[in-house]
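Scroll down for the structure; my scribbles are underneath it.
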């Protein structure tokens with residue numbers, strides 16, 4: 001297969017070589033777990049005593065490769081194991097049997113074709129929503145192919161400025177791609193739908209992680225999305241969990257946590273613009289919320 005699944009369109013035959021994502025066309029995963037620390041409508045209240053959570057499958061590799069990625073051990077490392085499409089489907093069904101609220105596919109972009117094949121097997125027996133948990137760096141036409149497979153899109157929008165997206169993720173076209181992908185997601189899941197316990201069954205959540213020194217870029221994202229979409233059609237999740245421990249040493253401007261002023265100014269603008277959703281507590285900036293990908 002000449003791979004053009006992501007906006008890189010590197011054109012590599014992943015049967016014989018690895019693409020920009022560093023992966024072949026055989027699915028590789030790192031961890032399958034009941035995740036308690038997503039948004040409350042995805043994984044519950046994050047209570048340590050909660051016995052279930054979001055049924056999360058972490059895929060190895062990434063088409064974006066941000067310099068500060070908290071999942072760097074798997075997004076840019078190789079901590080994982082290969083799995084067949086059939087076994088991937090079985091993992092989904094096993095998570096359901098263990099009480100997962102949903103199937104949460106983390107960094108799925110470069111395996112989207114294989115994920116559809118697995119869901120062709122699993123979907124008839126799945127009674128819980130399927131979540132596409134992405135960096136946002138997607139091709140709109142590939143997102144459109146997830147209609148009938150995905151119920152909830154959990155998408156990042158990381159940058160507005162092409163200069164920042166190029167410097168930190170090597171993707172000058174990031175915002176254009178992420179915005180186009182969001183439009184495609186809203187065509188598939190145009191309204192937020194929740195069950196009686198507040199768990200999202202269908203819809204779109206737009207995540208934004210506030211980064212050091214990028215407060216104005218964050219505000220530009222909020223204002224541009226407000227001017228481009230009906231923001232009542234999705235939920236916004238503002239995140240304060242940036243942890244400089246994961247950032248590569250040469251990016252000195254990112255080697256600190258965000259300040260209270262940086263975060264609160266973004267939060268205030270979101271409220272002023274009329275966004276609805278989730279505001280992460282600033283105490284979430286801790287490595288303890290990152291899974292250990294060196295353990296199976």
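The values are calculated or read from the model by the stated rules, or taken from the named source; none is laboratory data. In this text the structure is predicted, and so the values were computed from the model without any measurement. FYI the Cβ positions are ideal-geometry reconstructions off the backbone, even for glycines, and counts take in every protein chain you see.
Brief remarks follow.
- Hits in the stretch 178-221 (condition: in contact with a strand residue (DSSP E or B) (Cβ under 8 Å, 6 or more places away or on another chain) and in a helix (DSSP H, G or I)): 178, 181, 182, 185, 186, 188, 218, 221
- Residue count for the stretch 97-126, restricted to those that are in a loop (DSSP other than H, G, I, E, B) and either more than 17 Å from residue 152 (Cα to Cα) or in contact (Cβ under 8 Å) with a residue 60 or more places away in the chain (or both): 5
- Within the stretch 177-202, the only residue that satisfies the criterion of being crowded, with 18+ Cβ neighbours inside 10 Å, out of contact with any helix residue (DSSP H, G or I) (no Cβ under 8 Å at 6 or more places or on another chain) and over 17 Å from residue 109 (Cα atoms) is 189.
- Boolean, residue 168 is over 17 Å from residue 232 (Cα atoms), touching a residue at least 60 places away in the same chain (Cβ under 8 Å) and either in contact with a strand residue (DSSP E or B) (Cβ under 6 Å, 6 or more places away or on another chain) or part of a loop (DSSP other than H, G, I, E, B) (or both): no
- Some residue of the stretch 59-73 being farther than 30 Å from residue 254 by Cα, in contact with a strand residue (DSSP E or B) (Cβ under 6 Å, 6 or more places away or on another chain), part of a strand (DSSP E or B) and modelled with pLDDT of 95 or more: no
- Residues that are assigned to a strand (DSSP E or B) and under 26 Å from residue 124 (Cβ atoms), drawn from the stretch 136-165: 152, 153, 154
- Residues of the stretch 62-101 satisfying the condition of being within 23 Å of residue 137 (Cα to Cα), out of contact with any helix residue (DSSP H, G or I) (no Cβ under 6 Å at 6 or more places or on another chain) and buried (at least 23 other Cβ atoms within 10 Å of the Cβ): 74, 75
- Count - residues of the stretch 1-13 that are part of a loop (DSSP other than H, G, I, E, B) and surrounded by fewer than 19 Cβ atoms within 10 Å (Cβ to Cβ): 5
- Of all residues in the stretch 171-190, none that is on the phi > 0 side of the Ramachandran plot has its Cβ atom under 7 Å from the Cβ atom of a residue that is outside any helix (DSSP H, G or I), 6 or more apart or on another chain.
- Residue in the stretch 278-290 that is in a helix (DSSP H, G or I) and modelled with pLDDT of 95 or more present: no
- Hits in the stretch 151-165 - residues which are crowded, with 16+ Cβ neighbours inside 10 Å and without any contact (Cβ under 8 Å) to a residue 40 or more places away in the chain: 165
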